[in-house]
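Asks: I have a structure here, written as structure tokens, and I will follow up with some questions on it.
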Amino acid sequence: MKKSRKVFQNTVIVSVVAWLLLFVFMPNLMIIGTSFLTRDDANLVRLVFTLDNYSRLFDPLYAQVLLHSLNMALIATLCCLAIGYPFAFILARLPQKLRPLLLFLLIVPFWTNSLIRIYGLKLFLSTRGYLNDALLWIGLIDKPLRIMYTSEAVTLGLVYILLPFMVMPLYSSIEKLDKSCLEAARDLGAGKLQTFIRIIVPLTMPGIIAGCLLVVLPAMGLFFVADLMGGAKNLLIGNVIKSQFLNIRDWPFGAATSICLTLVMGLLLLVYYRAARLLNKKEDLA
């Protein structure tokens with residue numbers, strides 16, 4: 001019995017490692033290798049080592065796209081935090097019977113492809129969409145609002161897609177709050193605002209950091225949101241990568257841009273790791 005169990009465990013481990021090597025490690029290794037090669041119009045890449053692909057990333061045009069992408073991702077993250085924190089707080093304070101239903105409703109949109117949801121949002125916000133029709137019918141506006149193909153529309157699309165990724169870690173942190181700390185704060189005369197700033201926010205900081213990372217990391221790469229909602233003037237770094245691979249056929253530069261995005265994400269994860277360790281040390285000292 002023990003022997004068969006050990007064989008099964010070894011088989012599972014070997015299968016997982018083989019899967020990771022074949023479908024994770026090897027593709028990333030190919031991307032890294034391609035980023036140091038030269039573009040070739042006939043064969044896509046030529047086996048000539050070069051660093052020009054990385055030096056092109058410092059071109060003001062691509063640097064501006066990267067900064068614009070990071071700026072829009074940060075704005076979308078702040079919007080998700082501003083909406084998601086009150087929602088998660090209220091959700092965690094509701095009766096136990098209602099929470100599963102609301103969590104289910106929060107997860108239901110994941111059952112529909114995000115591209116289809118963005119098309120639906122585009123129809124809703126367009127000049128002749130349902131939002132403008134309703135506002136015109138009520139009489140709040142005299143002519144349709146131009147919402148589509150702006151940076152605000154891209155931000156709205158990112159928030160629409162990524163909001164659940166913010167709510168879930170926040171809900172998990174708020175639900176685990178020690179109520180005795182809140183009671184102690186009230187007994188010591190702290191008001192609701194003081195309790196929120198000095199007790200609730202520090203204790204839920206791991207959830208805030210996790211939620212922000214879960215939003216800001218994918219927000220920089222959701223190229224289809226920028227394509228459908230923002231037009232050519234509101235590009236994300238994911239749009240540059242997609243264009244280099246599919247349209248321009250410059251695979252080496254597209255690979256270098258992808259590696260740059262991966263490094264930025266790795267840096268943000270390092271910040272999260274350092275912040276989590278610092279918070280844990282503070283809790284241990286307390």
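Asks: Can you pull a Stokes-Einstein diffusion coefficient for the stretch 68-200 at 25 °C (0.890 mPa s), Rh from Kirkwood over Cα pairs, as a whole number of µm²/s?
Replies: This corresponds to a translational diffusion coefficient of 140 µm²/s.
Asks: Report, to two decimal places, the Cα Rg of the stretch 22-72 normalised by 2.2 N^0.38 Å (N = number of residues).
Replies: Ratio of Rg to 2.2 N^0.38 Å for the stretch 22-72: 1.41.
Asks: Quick one, can you get me the convex hull of the C-alpha atoms of the stretch 42-141 expressed as volume per residue in Å³?
Replies: 265 Å³
Asks: Still on this structure, I have one more. Assuming 0.36 nm per residue, please report the length gained on full extension of the stretch residue 64 to residue 265 beyond their Cα-Cα distance.
Replies: This chain segment gains 70.6 nm when fully extended.
Asks: Quote the relative contact order of the stretch 148-286 in percent (integer), defining contacts as alpha-carbon pairs under 8 Å separated by 6+ residues.
Replies: 28 percent
Asks: Using the beta-carbon distance between residue 150 and residue 42 and R0 = 45 Å, what value does 1/(1 + (r/R0)^6) give for FRET efficiency, to the nearest 0.05?
Replies: My answer for the efficiency is 0.65.
Asks: Okay, moving on. For a quick size check, give me the Cα extents of the stretch 130-192 along its three principal axes, largest first, whole Å.
Replies: 55, 26, 18
Asks: Something else now. Give me the distance in nm between label points sitting 7 Å out from Cα along the Cα-to-Cβ direction at residue 103 and residue 142, one decimal.
Replies: 5.2 nm
Asks: Largest first, what is the accessible-area ranking of 111, 137, 251 with a 1.4 Å probe?
Replies: 137, 111, 251
Asks: Which of the helices in the chain meet the span-like rule: DSSP H, Cα axial reach of 15 Å or more, Kyte-Doolittle mean at least -0.5?
Replies: Span-like helices, by this rule, are 2-20, 60-93, 114-125, 151-175, 205-219, 251-285.
Asks: If contacts are Cα pairs under 8 angstrom and at least 6 residues apart, what is the relative contact order of the chain in percent?
Replies: 27 percent
Asks: Please calculate how many Å² of accessible area the chain carries per residue, with a 1.4 Å probe and no DNA, RNA or ligand atoms counted.
Replies: For the chain, the per-residue accessible area is 64 Å².
Asks: Sticking with this one: What is the Cα centroid distance between the stretch 164-198 and the stretch 101-125, reported in whole angstrom?
Replies: 30 Å
Asks: When you have a sec, figure out the Kirkwood radius of the stretch 147-286 from all distinct Cα pair distances and drop it here in Å to one decimal?
Replies: 17.7 Å
Asks: Rg and Dmax of the chain over Cα atoms: what are they, in angstrom?
Replies: Looking at the chain, its Cα Rg and Dmax stand at 23.7, 78 Å.
The values are calculated or read from the model by the stated rules, or taken from the named source; none is laboratory data. Computed from a predicted model, the values in this text were never measured in an experiment. Reconstructed Cβ throughout: ideal geometry from the backbone, glycine too, with neighbour counts over all protein chains shown. Please note that ligands, DNA and RNA were not included when accessible areas were found on the heavy atoms of the full protein model with its side chains. Shrake-Rupley method; radii C 1.70, N 1.55, O 1.52, S 1.80 Å.
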